[in-house]
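K.L.:
Have a look at the structure that comes next, please.
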Amino acid sequence: MYRQGDVLIMAVEESAVPAPFLKASGELRDGRGRLVLALGEVTGHAHAVQGPGRLIREAGPFGPMLLHLPEGGRVVHEEHATIALPQGWFRVVRQREYAPGAIRIVAD
Amino acid sequence: MQHVNSWRDVAAATGAADRAAAEEGVRSAYRLAGLAEPERIVWAESPRAAVEAVEKLTDAGRSVREEVRTRPWAEERRRMYDELGPAGWSALWSATGAQLWETTAALAERIRAGVVADLAPRPTEEGAVRLVLLDAVLGQHDAAWLAAFDGRGDRLTGLAEVARNAGWWWPYERAVVISERPEVLHRDEAGRLDHGEGPALAYRDGFALYAWRGMPVPAAFLAELASLTPQRIREEENAELRRVMLEYYGYDRYLTESGAEPVHRDETGILWRIALDGDEDVVMVEMVNSTPEPDGTHRTYWLRVPPGTRTAKDGVAWTFGLEGAAYAPVRQT
């Protein structure tokens, strides 16, 4: 389990990954060739992975998402230190906040 | 993905329209729909002013929104769906339109609600305003759909040209009413309308929306924020407004000045509880950013968690949808 700011990245066993996701083609990369896990709308700062891999969005714009890194990879962000990830599958979760009657996502 | 980012900019664009380019887009959209070009193009300073201009139109003919926008979109979507298959279309949408959908749809809905509130002081008048709004093509706020179609055919180039250069527009047989873009747009990192010192969205003619982290607030409420006291916050009866007050005032400052005591402390942070009369307690976790700021300090931040939270770790874990026992990062930055 790894945390970069408002994003939590949890390793999951490949056997626990639902079959449709194993072969899903995944998200397109951004203009800089990165897989964007979360993007700040205003600053454009992003939690992003460089290098080989796939990001599969399960539902909704804020995830959760599955990340597959066949060779491991690095999660970068403009304001947080880089995190090195081993090879494997990960679940990516955005941080949220409680509000009476609603739950709001957090963006840093 | 580069398309998404350029359309993200379109959705958030402010400042004067490029009227010549937008008008050429309008004429192009009519031609592509097989219609004669409109005889008149009327500019308005805001969507509110545009609705008023539409109500004053004479001899404009019927709405051609269906022919100009809806039908070409539906046909392009069908064509791409057939070409890409269900999985391909779904992947394309998730990589393009879905990224912009929530923020632009929410913004458009807020603008609609704002126009209705301004132009229909009595509930009986709302229907007429809403009917006019139904005829609108959303221009820059159609960015999500246009991002999905971008680069995949020429059929929607007129619509895209208007979207890149202007705000909402109303196509009728012989006339078009088109709105300028906002002058001011303030959003938070999640893309929600958000501004504490004035309107979050404002057009040149004064049509404006006020919001704090996406929540609509009255203009007068914002003016009061600068002079808040803990006492005033406690006395506020509207729970949502009180939440905004707390956020604006600063949880840390409020905690200090209201003499709150920490409830629990562990390696993940500190849990605080503030009792409020007639409302559920405010329970917050205080966390410290692991990566230092450029000046070497660590930024502290507070997130509200459910009132039943017992420990700081349970609270931090909840913010990521986990049980306390399951939360154990091996590395955090």
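K.L.:
Take chain B, connect every pair of alpha-carbon atoms lying under 10 Å apart with a spring to form a Gaussian network, then pick out the residue of B:PRO199, B:PRO216, B:PRO86 with the largest mean-square fluctuation.
P.N.:
B:PRO86
K.L.:
Quick check: residue separation of B:GLU240 and B:ARG152 times 0.36 nm, minus the Cα distance between them. What number comes out in nm?
P.N.:
27.2 nm
K.L.:
Ok, one more. Taking 0.36 nm per residue of separation and subtracting the Cα-Cα distance, what length does fully extending A:ALA16 through A:VAL42 add?
P.N.:
Full extension of this stretch gives 5.8 nm more.
K.L.:
What FRET efficiency would be calculated for the residue pair B:ARG265, B:ALA20, taking the C-beta separation as r and a Förster radius of 56 Å, to the nearest 0.05?
P.N.:
0.35
K.L.:
If you don't mind, there's one more thing I want to ask. Starting from the Cα-Cα distance between B:THR256 and B:ALA117, subtract it from 0.36 nm times their residue separation and give me the gain in nm to one decimal.
P.N.:
Result: 46.1 nm gained on full extension.
K.L.:
Would you order A:PHE90, A:PHE21 from fewest to most other beta-carbon atoms within 10 Å of each residue's own beta-carbon?
P.N.:
Lowest to highest Cβ neighbour count: A:PHE21, A:PHE90.
K.L.:
Apply the Karplus curve 6.51 cos²θ - 1.76 cosθ + 1.60, θ = phi - 60°, to the phi angles in the range B:174-187 and return the couplings in whole Hz, x for Gly and Pro.
P.N.:
10, 9, 10, 10, 9, 9, 5, 7, x, 7, 10, 9, 10, 10
K.L.:
As an exercise, identify the GluC sites (Glu not before Pro) in the range B:1-102 lying in DSSP coil whose Cβ has no more than 14 other Cβ atoms within 10 Å.
P.N.:
Sparse-neighbourhood loop GluC sites (Glu not before Pro): B:GLU39.
K.L.:
Shifting gears a bit: Report the FRET efficiency, 1/(1 + (r/R0)^6), for B:ILE41 and B:THR229, where r is their Cβ-Cβ distance and R0 is 45 Å, rounded to 0.05.
P.N.:
0.30
K.L.:
Just to be sure I understand: with springs between alpha-carbon atoms less than 10 Å apart, which residue in B:VAL132, B:VAL282, B:VAL217 has the highest mean-square fluctuation in the Gaussian network model of chain B?
P.N.:
B:VAL282
K.L.:
With each run of n ≥ 4 DSSP H residues scored as -39500 (n - 2.57), what mean residue ellipticity at 222 nm is computed for the protein assembly as shown after dividing by its residue count and rounding to the nearest 500 deg cm²/dmol?
P.N.:
Computed mean residue ellipticity for the protein assembly as shown: -10500 deg cm²/dmol.
K.L.:
Next up: Averaged over all directions, how much area does the convex hull of the C-alpha atoms of the protein assembly as shown cover when projected, in nm²?
P.N.:
23.6
K.L.:
Of B:ASP82, B:ASP295, B:ASP142, how do they rank once you tally other Cβ atoms within 10 Å and put the fewest first?
P.N.:
B:ASP295, B:ASP82, B:ASP142
No lab work stands behind these numbers, since they all come straight from the coordinates. In this text the structure is predicted, and so the values were computed from the model without any measurement. Note: ideal-geometry Cβ built from the backbone for every residue, glycine included; neighbour counts use all protein chains shown.
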